[in-house]
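First up is the structure itself, then whatever we jot down about it.
Quick note: the coordinates plus some simple rules give every number you see, no bench work behind them. Note that the structure is a prediction, hence the values are computed from the model and not measured. Backbone-built Cβ (ideal geometry, glycine too); neighbour counts: all protein chains shown.
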Amino acid sequence: MVKRMVILMTLVVMVLVGTNVTVPGAAAQDQVKLRLWAHQQATFNDPLQVLIDAYTAEHPNVSIEMETFEYNLYLQTLQTAMPAGDEADIIEVFGSWTCSYADRLAAMPEAAAASFNRDMFFKATLDGYICDDTLYGLPFEFNMEYGAALVNKGMFEAAGLNYPPAWTSWDELISDAKALTKITDGQMNVAGFHFTNQDAIVFMFLAGILQRGGNFWNDDHTEFNFDSDEARETLEFMQHLVDEGVIDPVLYNDTANWSGTAFFTNQAAIALIGSWATALVVDYPDFGEFDYVPLPSFGDAPLFAADSGWGLTASKNSEHADVAWDFIQFATANADNALMFNTASGTIPALRELVDNEAYKAELIEANPALEAVLPQLASGSYIGEMPDRDLVFYSIIYPNVLDMLQEVQSVDDALAFINEDANATLE
Amino acid sequence: MEAVNLEAYRLYWAMIWAVVGSTVTPLVFDRRNRNPWAGALSGLSIGLVSGQIFGWLLMKLFFEFWSDVAPTVSFAGGLVLLIPWWLWVKPRPQSARPQRGMVAGTISPLLFYLLVLSVFPILWAVLLAFFDYSPRRTGGPILGLGGDNPFVGLDYFKEMAEGTTRDARMFRNSLKNTITFAMIVLPLNLLITLPLAALIESVHERLKTVFRALYFLPVVTSSVGVAVMWGYIFNAQYGLLNSGLKQINMTPVAWLQDPRVEYFGIPAAMLAVIVAYVWQDYGYNLVIYIAALQGIPDTLKEAARIDGANGFQIFRHITLPLLRPTIMITSILTMISSFQVFDIIQVMTRGGPGRIGKTDVMLLEVYNSAFRYDKMGWAAAISFVLFLLVMAVTVVQMRLLRSDWEY
């Protein structure tokens with residue numbers, strides 16, 4: 001039987017050698033087929049498909065197939081597909097994830113990088129895609145969670161307040177918020193100023209530090225510096241907002257009465273949230289008029305920290321990383337294409353030209369009036385810095401510690417000490 | 001060929017032909033008086049090899065001119081070597097040894113699946129517990145271990161026991177919460193189900209079926225649905241429970257949100273998720289107890305009644321001891337499922353409220369560490385501890401509730 005098996009295997013080898021087949025994947029040079037992975041979000045996916053169609057029309061030898069995944073599944077797919085080398089050629093990622101995936105991504109080709117002008121993009125967005133001074137992707141939007149707030153016109157008018165508000169100081173905002181807060185049967189049922197969802201707490205904390213002249217990094221960006229006077233003042237100010245009664249952080253936070261939902265269900269009169277939240281109104285057709293207005297600053301300039309934005313990267317395993325990169329530049333660095341994406345998706349532009357050029361700017365504001373409040377502030381943004389695990393620092397360290405402090409479970413000093421110690425432990 | 005996901009097809013070819021090979025070959029061997037287990041092993045190996053080589057070849061050859069059909073044709077690859085193998089096996093003279101062709105043909109493919117889909121992942125998880133592994137890093141050449149994903153030995157377990165980092169604190173909190181949850185759920189479940197089963201058993205046969213169906217309904221309801229429903233009931237502002245409290249002039253409680261509220265030293269949020277969990281779970285044990293009660297011979301109760309025993313005495317001295325094996329199995333199952341609680345808590349509280357989550361249990365820590373923060377090694381280490389914990393509790397329960405007799 002062993003003899004027969006040997007004969008059989010020899011035959012197999014002979015057949016394999018005799019067939020002289022080429023290795024799969026080494027297809028004809030002129031046809032390039034790429035896959036693009038993105039998370040499921042129609043406002044992003046639809047304009048991205050328009051860009052794909054435009055690119056493939058210009059390059060008939062290239063085809064790009066977009067595959068989308070539900071957000072949580074997308075993260076898990078990246079985590080499993082990348083080690084298996086089975087990921088798509090072009091991958092949509094969030095800027096602050098890029099450096100942690102840099103091992104598996106293709107850097108911008110040298111020829112393109114040599115002539116690429118990095119100042120085309122707002123620094124706060126592009127810095128997320130730069131790891132060790134190498135560019136691993138380009139952003140197609142600017143993620144800005146702090147700087148402006150949603151305001152409910154009906155509630156302002158019912159309270160006899162000026163609308164839209166043009167706050168020049170925090171005292172003015174607090175005064176309005178107090179007038180808007182409603183309490184029934186001992187429970188808050190309208191929050192005057194909702195700032196206690198995850199992103200709002202985190203980015204208000206970071207902006208507060210920056211606007212007061214501090215920094216949450218040490219000088220050489222090797223350690224966090226959350227236990228500073230500026231950080232303490234910011235937390236004390238947040239505590240002051242709670243003491244003034246404009247928010248109940250037990251009833252209003254990220255797991256209960258999240259600010260987007262609370263605002264559009266008339267449970268919050270002013271809500272601190274990113275401009276992307278204005279699109280949520282489509283789910284509340286009966287909701288009245290609202291606006292998105294700038295917040296006052298704690299200092300001279302409206303400085304804020306931004307964690308880059310969504311963008312595109314190319315896989316290191318792609319056989320056509322150069323073509324993938326060509327598409328990435330086509331979609332993000334071309335002003336007309338970027339404008340189409342930002343107007344269709346309602347996102348903030350990452351490309352400077354769209355803000356500097358008045359015609360582009362007018363088109364952006366026409367498509368999304370909420371941008372009027374944020375476009376003047378974009379140049380004041382700075383990238384949060386390279387963190388090994390941004391989600392852990394933001395959502396499992398800063399947010400719960402600050403919320404505990406606001407809920408009077410721990411003191412300001414304890415909150416700062418825990419945040420500083422635990423955040424620095426993530427850098428080890 | 002670029003349009004075809006060859007990785008996926010390789011997996012299909014392997015799984016299909018390993019199973020066909022290990023199922024059919026033992027039967028062929030059996031008919032020819034050969035050892036069917038050797039047949040299973042050879043069939044599995046040849047199926048795997050043939051599926052890979054000829055599946056790929058057929059795909060390649062057909063793709064050139066008939067690309068739509070190529071993937072389907074490639075599935076015939078396994079037969080290229082398996083059929084000759086089945087034909088070439090020579091019969092042996094009748095053997096006195098009993099052959100087990102059907103047994104080998106049934107067990108071998110299942111063993112293969114168990115090995116590939118359960119045993120290997122478990123071993124992989126155990127292995128990961130000793131590495132600082134993140135899928136974002138490329139790591140060493142073998143399975144991505146080593147290099148940027150370094151070996152850390154027992155560091156994670158030491159960290160869990162005596163570390164002061166956030167991870168260590170969160171782990172110890174989740175361990176405490178998991179044990180608290182299980183220790184409350186188990187007696188509560190038994191306290192509800194045992195008497196309830198006895199009551200249902202005592203009613204008319206038709207009503208018995210109705211009650212059984214009613215009480216079993218929550219078991220077949222989606223955990224997420226149950227969690228959402230109880231989330232509404234416990235809602236601080238508009239929940240049913242707080243509306244009732246307001247009606248009787250009591251202060252409403254933020255059951256799921258306030259980390260400061262405790263009853264008997266147990267956080268209100270923990271009590272809330274326990275109520276939701278027990279409500280969904282108790283129907284399962286209930287039907288088991290009803291079945292067990294129906295199995296107790298009436299003659300024993302009748303004899304006790306003639307000897308003057310009342311209902312409680314019969315329950316205490318006849319029913320309860322005879323239910324001991326059932327109590328053991330339901331206790332073990334309830335304890336295991338309590339240790340594995342995840343979905344209800346994830347939906348109702350996400351492990352909160354509070355910085356050190358009041359309802360943060362071990363599986364939530366595993367999920368967050370692995371899939372939110374990419375700390376696969378740490379998550380695997382927690383899973384390993386959870387496995388040891390469940391095993392230890394199961395062994396202890398089996399020892400305590402063991403009975404050496406049957407009725």
In Å, what Rg and Dmax follow from the Cα atoms of the stretch A:126-239? 18.3, 58
Total charge of the residues flanking B:P353 in space, meaning their Cβ is under 15 Å from its Cβ, with Lys and Arg +1 and Asp and Glu -1, is -3
All-pairs Cα distance distribution in the stretch B:244-391, expressed in whole percent, bin size 5 Å: 2, 8, 12, 13, 13, 12, 10, 9, 9, 6, 4, 1, 1, 0
Compute the angle between helix A:335-345 and the longest alpha-carbon principal axis of chain A, please, reported from 0 to 90 degrees and rounded to the nearest 10. 60
In straight Cα distance, which lysines are under 22 Å from A:K178, not counting same-chain residues fewer than 8 positions off? A:K153
GluC sites (Glu not before Pro), loop per DSSP, at most 10 other Cβ atoms within 10 Å - longest free stretch of chain B: B:65-405
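For the protein assembly as shown, with only Lys/Arg (+1) and Asp/Glu (-1) charged at the beta-carbon, what is the dipole magnitude about the Cα centre, in debye rounded to 20?
In total the dipole reaches around 5980 debye.
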Regarding chain A, what are the three Cα extents along the principal axes, ordered largest first, in Å? 90, 51, 43
Of B:L57, B:W85, B:G352, which is farthest along the charge dipole of chain B in the positive direction, counting Lys and Arg as +1 and Asp and Glu as -1 at C-beta? B:W85
Once you have a ≥ b ≥ c as the square roots of the Cα gyration tensor eigenvalues for the stretch A:235-353, tell me rounded if a/c is under 1.5, and otherwise prolate or oblate according to whether a/b is larger than b/c. prolate
Entries of A:K182/B:K246; A:K123/A:K361; A:K123/B:K375; B:K158/B:K375 with Cα pairs more than 21 Å apart: A:K123/B:K375
To the nearest 10 degrees, the tilt of helix A:358-367 (Cα long axis) against the first principal axis of the alpha carbons of chain A is 80
What does chain B give for Rg and for Dmax, in Å, if only its C-alpha atoms count? 28.5, 90
Using mean Cβ contacts within 10 Å as the protection proxy, how do B:210-220, B:278-288 order, highest first? B:278-288, B:210-220
Debye log10 I(q)/I(0) for the stretch B:223-286, one point scatterer per Cα, at q = 0.20, 0.21 Å⁻¹: -0.81, -0.87
On average over all directions, what projected area in square nanometres does the stretch B:31-93 have, based on the convex hull of its Cα atoms? 4.4
Over the stretch B:209-333, calculate the relative contact order: mean separation of alpha carbon pairs under 8 Å at least 6 apart, over the residue count, as a percent. 23
On C-alpha positions alone, give me the angle between the axis of helix B:79-88 and the longest principal axis of chain B, in degrees, nearest 10. 70
Per-residue [θ]222 nm for the protein assembly as shown (sum of -39500 (n - 2.57) over DSSP H runs n ≥ 4, rounded to 500): -16500 deg cm²/dmol
In percent, how large is the relative contact order of chain A, given Cα pairs closer than 8 Å and 6 or more residues apart? 24
Relative contact order %, the stretch A:72-220, counting alpha carbon pairs below 8 Å whose residues are six or more apart: 14
Could you give me the ³J(HN,Hα) list for the stretch B:278-295, computed from phi with Karplus coefficients 6.51, -1.76, 1.60 and θ = phi - 60°, whole Hz, x at Gly and Pro? 5, 4, 6, 8, 5, x, 5, 5, 4, 5, 5, 5, 4, 4, 5, 5, 5, x
Charge-dipole axis of chain B as Lys and Arg at +1 and Asp and Glu at -1 on Cβ define it, positive-most pick from B:L271, B:F339, B:I122: B:I122
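If you add up the charges near A:V246, with Lys and Arg at +1 and Asp and Glu at -1, over every other residue whose beta carbon is less than 15 angstrom from its beta carbon, what do you get?
Every neighbour counted, the sum reads -4.
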Measuring from the lowest to the highest alpha carbon on each principal axis, how far does the protein assembly as shown reach, largest first, in angstroms? 99, 92, 51
About the Cα centre, charge dipole magnitude for the stretch A:87-205 (Lys/Arg +1, Asp/Glu -1 at Cβ), debye: 480
If you take every residue apart from B:R32 with its C-beta less than 9 Å away from the C-beta of B:R32, what net charge results, scoring Lys and Arg +1 and Asp and Glu -1? +3
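Only four residue types carry charge here, +1 at the Cβ of Lys and Arg and -1 at the Cβ of Asp and Glu. Report the dipole size of chain A about the Cα centre in Debye, rounded to the nearest 20.
Numbers: 16 positive and 63 negative charges, 299 e Å.
Roughly 1440 debye, rounded to the nearest 20.
As a test, work out the antiparallel percent of DSSP beta bridges whose residues both lie in chain A, rounded to the nearest 5.
In chain A, approximately 60 percent of DSSP beta bridges are antiparallel ones.
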What shape does the stretch A:35-142 take by its C-alpha gyration tensor, where a ≥ b ≥ c are the square roots of the eigenvalues and a/c under 1.5 counts as rounded, a/b above b/c as prolate, and the rest as oblate? rounded
Expressed in angstrom and rounded, the centroid-to-centroid distance over alpha carbons for the stretch A:71-145 and the stretch B:161-216 is 47
Under 5 Å between amide hydrogens, which residues at least 5 positions from B:I356 or on another chain qualify, with H placed 1.01 Å from N in the peptide plane? none
Those lysines that a straight Cα-Cα span of less than 22 Å connects to B:K208, excepting residues fewer than 8 apart in one chain: B:K301
Of A:V281, A:A321, A:N342, which is farthest along the charge dipole of the stretch A:260-378 in the positive direction, counting Lys and Arg as +1 and Asp and Glu as -1 at C-beta? A:A321
List the lysines whose Cα lies under 18 Å from the Cα of A:K316, skipping any in the same chain that are fewer than 8 positions away. A:K33
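First check a/c for the stretch B:344-385, with a ≥ b ≥ c the square roots of the eigenvalues of its C-alpha gyration tensor; if it is under 1.5, answer rounded, and if not, answer prolate when a/b is larger than b/c or oblate otherwise.
On the way: a/c = 2.09, a/b = 1.91, b/c = 1.10.
Since a/c reaches 1.5 and a/b is larger than b/c, the shape of the stretch B:344-385 is classed as prolate.
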Per-residue ³J(HN,Hα) for the stretch A:111-128, Karplus 6.51 cos²θ - 1.76 cosθ + 1.60, θ = phi - 60°, Hz, x for Gly and Pro: 4, 5, 5, 4, 9, 7, 9, 5, 6, 4, 9, 4, 4, 4, 8, 5, 4, x
What is the set of long-range amide H partners of A:F121 at a cut-off below 5 Å, with H atoms built 1.01 Å from backbone N? A:R352
